[in-house]
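**Q** My questions will all concern the structure given below.
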Amino acid sequence: MKTILVTGGAGFIGSNFIRLILDSEPDYFVINLDKLTYAGNLGNLLGIEEKYPKRYVFVHGDICDEMILTKIFTDHDIDFIVNFAAESHVDRSILQPNLFIETNVLGSANLLNVAKTTWKERFDSKRFLQVSTDEVYGTLPEDNPEIKFTESTPIQPHSPYSASKASADLLAQAYFDTFGFPVLITRCSNNYGPYQFPEKLIPLMINNAVNDKQLPVYGDGKNIRDWLYVQDHCEAILAVLQSGKLGDVYNIGGNNEIKNIDIVTMILDYLGKPHSLIKYVTDRLGHDRRYAIDASKIKNELDWEPKFQFSEQIGTTIDWYLSNTEWMENVISGEYQKYYDLMYSGR
Ligand code: NAD
Ligand code: DAU
């Protein structure tokens, strides 16, 4: 049996990852450590404890809390760590940068330290995977489509979010170089799919369109993102965790660049809603223009490539939100309204 500590497992990608592990890796015992911030929701893992009572445990806690981490490491013989826990929304990082530094930088540093100490320098068969983002590379020109982010593209983050993620990457790399600590880093492009919090583009636009509310498109709507279905991302993380080369970075992407405005109109068309719901609003500060991942390293070394097509999965994703109205009502009932008003009213 392998014991895997998943941090941030009650969030969007973490919950999809836990489901994948429990369903596909019968020899893994999963510990999910999550602070349950506004983005963490045990409703994302409904039924998991009942389905896998012997292979899953939830611990409510913060990766910044050294005592909780030490207790988890004392109670369990942990083999693998996958660090998803993060403040993950760029817009919120513009409002509250310090929170991002606390969790994404100090929390990750704390996790590295506790793992290093309790593993007592015996790193054989241990693995620590830091889930990072393509945003650490900065932005790409839109008039030069053949240029993409590779693993050797210099780090040049622009938002407090991406700067905090880049800092964690550098710390993780430093632990590998200095201590031989068994680190792997993945840098993925934009994910979409079930259980994504509706502060992010796709679920926000679906929710607004369903409710005949305006769809706030930043700037000219021509910013480009490289979209990947969440299950593809989770499978890539598992491949890197099991077979990646220690100390290496692996880019993960969908080879699927789309302008924001095209996604928004696709959602409206799928739902049969008028384009007049689109409202162009003041741009995001420091808004990166284009992201695009060159994922040839992970394909060549680990034989991973995306299985899902955006043209099909966007429909599956919209249908998922339409069938899970209770989930949506739950997540937008609390802090979300305040956030939405702060971010969008009068914009
Ligand atoms: P999310 O915001 O949906 O989930 C984050 C989770 O982390 C939540 O469950 C939250 O409660 C938990 N958390 C936050 N602070 C914590 C702390 N201090 N201690 C313990 N738990 C804490 O985020 P997501 O979209 O699922 O992203 C997960 C990871 O993947 C992040 O590290 C993010 O940077 C990275 N990533 C996301 C995307 C994307 O498109 N969403 C793409 C590439 C990389
Ligand atoms: O690239 C990976 C990153 O993708 C992850 O590291 C982040 O955690 C994740 O949040 C995501 O960041 P983005 O900033 O690209 O995602 P977001 O969904 O916030 O925005 C996508 C694009 O849509 C971006 O160009 C901004 C635009 N946008 C977003 C919102 C919320 C709008 O035009 N209107 C909106 O209301």
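The values are calculated or read from the model by the stated rules, or taken from the named source; none is laboratory data. These numbers come from a predicted model, not from an experiment. Note: ideal-geometry Cβ built from the backbone for every residue, glycine included; neighbour counts use all protein chains shown. Just so you know, the surface numbers come from the protein's heavy atoms only, side chains and all, with ligands and any DNA or RNA stripped out. Shrake-Rupley method; radii C 1.70, N 1.55, O 1.52, S 1.80 Å.
**Q** What do you get when you divide the Cα radius of gyration of segment 197-239 by 2.2 N^0.38 Å, with N the number of residues?
**A** Working: Rg = 13.7 Å, N = 43, 2.2 N^0.38 = 9.2 Å.
It is 1.49.
**Q** For the chain, modelled as a Gaussian network with Cα springs under 10 Å, which listed residue fluctuates most, HIS76, HIS233, HIS158?
**A** It is HIS76.
**Q** Here's something else I'd like to know. Apply the Karplus parameterisation 6.51 cos²θ - 1.76 cosθ + 1.60, with θ equal to phi minus 60°, to every residue of segment 255-260 and state each ³J(HN,Hα) to the nearest whole Hz, in sequence, with x for glycine and proline.
**A** Result, ordered by residue: 6, 8, 7, 9, 6, 3 Hz.
**Q** Related question: For the chain, build the charge dipole from Cβ charges (+1 Lys, Arg; -1 Asp, Glu) around the Cα centre, then report which of ASN98, GLY272, GLN130 sits farthest towards its positive end.
**A** So the residue we want is ASN98.
**Q** Give me the net charge of PHE197's neighbourhood, meaning all other residues with Cβ under 13 Å from the Cβ of PHE197; Lys, Arg count +1, Asp, Glu -1.
**A** Numbers: positive: ARG92, LYS200; negative: GLU87, ASP91, GLU199, GLU335.
For residues surrounding PHE197, the net value is -2.
**Q** Oh, and also: Over all Cα pairs of segment 68-193, how is the pair count split among 5 Å bins, expressed in % and running from 0 up to the last occupied bin?
**A** That works out to 2, 10, 19, 21, 18, 13, 9, 4, 1, 1, 0, in percent per bin.
**Q** In whole Hz, with x marking every Gly and Pro, tabulate ³J(HN,Hα) for segment 118-134 from phi via Karplus 6.51 cos²θ - 1.76 cosθ + 1.60, θ = phi - 60°.
**A** Listing the rounded values in order: 6, 6, 6, 6, 9, 9, 4, 6, 8, 8, 10, 9, 8, 7, 10, 9, 5 Hz.
**Q** Something else now. Excluding ASN300 itself, what net charge comes from residues whose Cβ is under 14 Å from its Cβ, given Lys and Arg +1 and Asp and Glu -1? Don't skip to the end; give the middle numbers.
**A** Values: positive: LYS245, LYS297, LYS299; negative: GLU151, ASP248, ASP294, GLU301, ASP303, GLU305.
Combined, the nearby Lys, Arg, Asp and Glu give -3.
**Q** Then there is this: To the nearest 20 Debye, how big is the dipole of segment 125-220 about its Cα centre, given +1 on the beta carbon of each Lys and Arg and -1 on that of each Asp and Glu?
**A** Values: 7 positive and 11 negative charges, 103 e Å.
In debye, rounded to 20, segment 125-220 gives about 500.
**Q** Could you do me a favour and compute the accessible area per residue for the chain, 1.4 Å probe, result in Å²? Please report the intermediate quantities before stating the final value.
**A** Working: 14700 Å² over 347 residues.
Dividing the accessible area of the chain by its residue count gives 42 Å².
**Q** With the Cα gyration tensor of segment 247-302 giving a ≥ b ≥ c as the square roots of its eigenvalues, does the rule (a/c under 1.5 for rounded; else a/b larger than b/c for prolate; else oblate) give rounded, prolate or oblate?
**A** Details: a/c = 4.77, a/b = 1.96, b/c = 2.43.
Here segment 247-302 falls in the oblate category.
**Q** Could you work out the local net charge near VAL331, counting Lys and Arg as +1, Asp and Glu as -1, over the other residues with Cβ closer than 14 Å to its Cβ?
**A** Numbers: positive: LYS200, LYS338; negative: GLU199, GLU326, GLU329, GLU335.
Spelling it out: positives minus negatives among the neighbours equals -2.
**Q** Percent relative contact order of segment 8-103, based on C-alpha pairs within less than 8 angstrom and at least six residues apart? Numbers along the way, then the final one.
**A** On the way: 102 pairs, mean separation 27.1, N = 96.
Normalised by residue count, the contact order of segment 8-103 is 28 percent.
**Q** Give LYS126/LYS245; LYS165/LYS222; LYS120/LYS245; LYS165/LYS297; LYS35/LYS71; LYS2/LYS165 a once-over and call out the pairs whose C-alpha atoms are over 19 Å from each other.
**A** Values: LYS126/LYS245 12 Å; LYS165/LYS222 25 Å; LYS120/LYS245 21 Å; LYS165/LYS297 21 Å; LYS35/LYS71 16 Å; LYS2/LYS165 27 Å.
Flagged as over cut-off: LYS165/LYS222; LYS120/LYS245; LYS165/LYS297; LYS2/LYS165.
**Q** Which log10 I(q)/I(0) values does the chain give at q = 0.11, 0.13 Å⁻¹ under the Debye formula, counting every alpha carbon as one identical point scatterer?
**A** -0.71, -1.01
**Q** Provide TYR195, TYR250 ordered by accessible surface of protein heavy atoms (probe 1.4 Å), highest first.
**A** Working: TYR195 45, TYR250 0 Å².
I get TYR195, TYR250, largest accessible area first.
**Q** Given only helices, namely DSSP H runs of n ≥ 4 each adding -39500 (n - 2.57), what is the per-residue ellipticity at 222 nm of the chain, to the nearest 500 deg cm²/dmol?
**A** On the way: 14 runs with 143 residues, N = 347.
Helix-only estimate at 222 nm: -12000 deg cm²/dmol.
**Q** List every residue whose amide H lies under 5 Å from the amide H of ASN191, counting only residues 5 or more places away in sequence or on a different chain, with H placed 1.01 Å from N in the peptide plane.
**A** Result for ASN191 returns LEU228.
**Q** Where the only charges are on Cβ atoms (+1 Lys, Arg; -1 Asp, Glu), what is the dipole of the chain about its Cα centre, to the nearest 20 debye? The partial results should precede the final answer.
**A** Values: 32 positive and 47 negative charges, 55 e Å.
Charge dipole, the chain, about its Cα centre: 260 debye, nearest 20.
**Q** Roughly to the nearest percent, how much of the accessible area of segment 202-324 is carbon and sulfur, given a 1.4 Å probe?
**A** On the way: 2310 of 5070 Å².
Carbon and sulfur together cover 46 percent of it.
**Q** Which whole-Hz ³J(HN,Hα) couplings does segment 28-36 yield from phi under the Karplus relation 6.51 cos²θ - 1.76 cosθ + 1.60, θ = phi - 60°, glycine and proline marked x?
**A** Rounded to whole hertz, the list is 9, 9, 10, 10, 9, 9, 9, 7, 6.
**Q** Looking only at ILE237, ILE202, ILE278, which one moves most when the chain is put into a Gaussian network model with springs between Cα atoms under 10 Å?
**A** Highest fluctuation of the listed residues: ILE278.
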